[in-house]
Amino acid sequence: MTSRNSGEHVNTKRLTEAGIEPSVGSVGDSYDNALANTINGLYKAEVIYRRGHWHSYEAIKYDTLEWVDWFNNRRLLQPIGNIPPTEAEAAYYAALTPSAVAACLKPSGLRQIRDGPICSSVATTSSPCS
């Protein structure tokens, strides 16, 4: 086992002990790695290589925070109608009726919220819960 794998194992063990579950599949699987590499590549291309030549660590941190804010809140996504992710999320939850939300909540409601949309088919089927 290499030191890198050993470090990943320690981190995985700590996350498991803290009750934190992987976002997709198993911890460290190819989907997690592919997503992390994609986001890291975008960040490097759009911030590190394009802006470059900072005079302080604080300037790098500021540019990074600015990019993360843009990425999460203002970038336009073609698959959802060229609107920002936050706008799409707000529209989704605004379309839910209180009774549909209540019908979808289960005893594990917090986990369901963390893992994905509460109800994925409210507007498209007679059953509001997926």
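Between a first residue in the stretch 89-100 that is closer than 20 Å to N73 by Cα and a second residue that is part of a helix (DSSP H, G or I) and not small (G, A, S), which pairs have beta carbons less than 9 Å apart while being 6 or more apart in sequence or on different chains?
Y93/V101
Criterion first (at pLDDT below 90, closer than 28 Å to G19 by Cβ and hydroxyl-bearing (S, T, Y)) does S130 satisfy it?
yes
Taking interchain pairs and intrachain pairs at least six residues apart, which have beta carbon atoms under 8 angstrom, with the first residue in the stretch 47-58 and more than 16 Å from D69 (Cα to Cα) and the second modelled with pLDDT under 90 and surrounded by 13 or more Cβ atoms within 10 Å (Cβ to Cβ)?
Pairs that qualify, where the first residue is more than 16 Å from D69 (Cα to Cα) and the partner is modelled with pLDDT under 90 and surrounded by 13 or more Cβ atoms within 10 Å (Cβ to Cβ): there are none.
Would you check which residues across the stretch 47-65 are surrounded by 13 or more Cβ atoms within 10 Å (Cβ to Cβ), out of contact with any helix residue (DSSP H, G or I) (no Cβ under 6 Å at 6 or more places or on another chain) and modelled with pLDDT under 90 and list them?
I48
The values are calculated or read from the model by the stated rules, or taken from the named source; none is laboratory data. Quick caveat: nothing in here was measured; it's all calculated off a predicted structure. Please note: Cβ atoms are built from the backbone with ideal geometry, for glycine as well, and neighbour counts cover all protein chains shown.
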